[in-house]
Amino acid sequence: MTLTPELVTETALFLKAQGFHQSLAGIVMGTGLGTMAEKIENAVSVPYSEIPNFPEATVEFHKGHLLFGKIGNVKVVAMQGRFHYYEGYSMQQITFPIRVMKEMGVEYLFLSNAAGGMNPAYKKGDLVMLENHINLLPDNPLRGLNNPAFGQRFTDMSHPYDRALAESIERIAVLQNTSVKKGIYVSVMGPNLETKAEYRWLRAMGADMVGMSTVPEVIVANQVGLKCAAISVITDECDPDNLQPVNIPEIIQIAGKADKVLSNLFTACIKELK
Ligand code: HPA
């Protein structure tokens with residue numbers, strides 16, 4: 001796919017014809033983190049496979065749906081399931097839905113993901129808000145784009161995550177009696193998990209948690225001017241001195257448990273948006 005602004009517009013027009021409206025908030029739900037979908041009232045749901053210009057779904061993503069509805073008085077558009085680089089998609093495919101969200105009026109983007117905790121203070125099931133990230137993915141969604149309609153090529157990343165949104169989430173967490181930590185997320189290609197040596201290296205470079213997503217979407221969100229908030233659910237403890245073999249069903253189960261708490265947080269924060 002050669003990305004053009006016309007493709008983005010075509011997809012947005014299709015969605016409007018399906019009953020999607022201009023929306024204020026966008027949501028990207030990570031692996032095992034789908035409870036947000038239940039918070040959306042009177043949701044209109046369209047499978048990714050029916051949306052023009054969306055990437056062709058892999059088997060894993062037959063379930064992928066784009067949702068539109070309201071959380072409180074705020075119109076939202078939500079991705080139930082995201083596209084990952086390790087599945088074989090290009091960076092521009094992975095981030096195409098973010099450009100469509102922008103075209104649909106979105107100003108705020110909420111993202112969740114499952115991540116491995118390398119900071120020894122993190123336990124399985126913890127919620128950690130991204131205060132910054134390190135991009136180790138081998139490609140960039142802005143590479144090759146030279147049409148100014150997409151935004152600045154040399155996108156500023158001095159504040160990739162919005163400070164006011166982060167403050168709202170921290171305030172709401174106190175009200176909801178939930179603990180949210182803050183940390184630095186490093187994105188890797190995967191899909192294999194890291195070796196002990198790699199966890200040591202990632203920790204030494206300053207990262208608190210590691211995952212295989214989120215950063216491409218945040219880069220594009222910054223290019224098009226969306227304010228971002230992202231939260232990781234820590235699904236495994238990556239202590240190189242005591243590394244346990246990965247257990248994917250356990251990762252999904254832990255994500256599922258934390259998911260309710262996470263979606264209550266995002267929901268309350270979205271309701272306050274104006
Ligand atoms: N590494 C990379 N991605 C992950 C991990 C991890 O340990 N856990 C969940 N996603």
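The values are calculated or read from the model by the stated rules, or taken from the named source; none is laboratory data. From a predicted model like this one, the values you see are computed outputs, not experimental measurements. No Cβ is skipped: glycine too gets one built from the backbone with ideal geometry, and neighbour counts run over all protein chains shown. Calculation scope for accessible area: heavy atoms of the full protein, side chains included, ligands and nucleic acids excluded. Shrake-Rupley method; radii C 1.70, N 1.55, O 1.52, S 1.80 Å.
Rounded to the nearest 10 degrees, the inclination of helix 163-175 to the longest alpha-carbon principal axis of the chain is 60 degrees.
Using only the Cα atoms of the range 174-267, build the gyration tensor, take square roots of its eigenvalues as a ≥ b ≥ c, and label the shape rounded, prolate or oblate: rounded if a/c is under 1.5, else prolate if a/b is larger than b/c, else oblate. Don't skip to the end; give the middle numbers.
Numbers: a/c = 1.84, a/b = 1.23, b/c = 1.49.
Verdict is oblate for the range 174-267.
Each part gets one Cα centre, and for the range 109-126 versus the range 25-96 those centres are 21 Å apart.
Carbon-plus-sulfur accessible fraction, the chain (probe radius 1.4 Å, protein heavy atoms only): 51%. Angle of helix 248-271 to the longest C-alpha principal axis of the chain, folded into 0 to 90 degrees and rounded to 10: 50°.
I'd like to check one number: the per residue accessible area of the chain, probe 1.4 Å, reported in Å² as a whole number. Show your work: numbers first, answer last.
Numbers: 12290 Å² over 274 residues.
The answer is 45 Å² per residue.
So how strong a dipole does the range 1-85 carry about its Cα centre when Lys and Arg Cβ are +1 and Asp and Glu Cβ are -1, to the nearest 20 debye? Write out the running numbers ahead of the final one.
Details: 6 positive and 7 negative charges, 60 e Å.
Dipole size: approximately 280 debye.
Applying a DSSP loop filter and a limit of 16 other Cβ atoms within 10 Å to the trypsin sites (Lys or Arg not before Pro) in the range 150-214 leaves Arg153. Would you look at the GNM of the chain, springs on alpha carbons closer than 10 Å, and say which of Ile231, Ile184, Ile252 moves the most? In the Gaussian network model the winner is Ile252.
Among the listed pairs Lys181/Lys271; Lys182/Lys271; Lys70/Lys124; Lys196/Lys227; Lys16/Lys70, which are separated by more than 25 Å between their Cα atoms?
On the way: Lys181/Lys271 22 Å; Lys182/Lys271 22 Å; Lys70/Lys124 31 Å; Lys196/Lys227 35 Å; Lys16/Lys70 15 Å.
The pairs that break the limit, which is 25 Å between Cα atoms, are Lys70/Lys124; Lys196/Lys227.
Counting other Cβ atoms within 10 Å of each Cβ, which GluC sites (Glu not before Pro) in the range 1-86 have at most 13 and sit in a DSSP loop? The partial results should precede the final answer.
Values: sites: Glu6, Glu10, Glu38, Glu41, Glu50, Glu56, Glu60; in loops: Glu56.
In loop regions of the range 1-86 (DSSP not H, G, I, E or B), the sparsely surrounded GluC sites (Glu not before Pro) are Glu56.
With +1 on each Lys and Arg Cβ and -1 on each Asp and Glu Cβ, and nothing else charged, work out how big the dipole of the range 102-210 is about its Cα centre, in Debye to the nearest 20. Write down the numbers at each step before the final one.
Working: 12 positive and 12 negative charges, 66 e Å.
I would put it at about 320 debye.
A dipole drawn for the range 131-274 from +1 and -1 charges on Cβ atoms has a positive end, and of Thr235, Ser263, Ser179 the residue lying farthest that way is Ser263. Here Lys102 is the anchor, and the aspartates and glutamates within straight C-alpha reach of less than 17 Å, apart from those fewer than 8 places off in the same chain, are Glu6, Glu10, Asp162, Glu217.
In the range 146-229, what chymotrypsin sites (Phe, Trp or Tyr not before Pro) fall in a loop by DSSP, with at most 15 other Cβ atoms inside 10 Å? Can you show the working numbers first?
On the way: sites: Phe150, Phe154, Tyr161, Tyr185, Tyr199, Trp201; in loops: Phe154, Tyr161.
When the chymotrypsin sites (Phe, Trp or Tyr not before Pro) of the range 146-229 are filtered for loop state and at most 15 Cβ neighbours within 10 Å, Phe154 remain.
Over the range 153-258, what is the relative contact order in whole percent, taking alpha-carbon pairs under 8 Å and six or more residues apart? List each step's numbers first, then the result.
Numbers: 85 pairs, mean separation 35.3, N = 106.
Reported as a whole number, the value is 33 percent.
Shape call for the range 137-213 from the C-alpha gyration tensor, a ≥ b ≥ c root eigenvalues: rounded (a/c under 1.5), prolate (a/b greater than b/c) or oblate? Oblate, since a/c reaches 1.5 and b/c is not below a/b. Rounded to the nearest 20, the size of the Cβ-charge dipole of the chain about its Cα centre is 560 debye, with Lys and Arg at +1 and Asp and Glu at -1.
Distance distribution P(r), the chain, all Cα-Cα pairs, bin width 10 angstrom from 0: 7, 31, 38, 20, 3, 0 percent.
Sort the range 36-152 into rounded, prolate or oblate with this rule: let a ≥ b ≥ c be the square roots of the eigenvalues of the Cα gyration tensor; rounded if a/c is under 1.5, and if a/c is not under 1.5, prolate when a/b is larger than b/c, oblate otherwise. Each step should come with its number before you reach the end.
Working: a/c = 1.42, a/b = 1.07, b/c = 1.32.
It comes out rounded by the Cα gyration axes.
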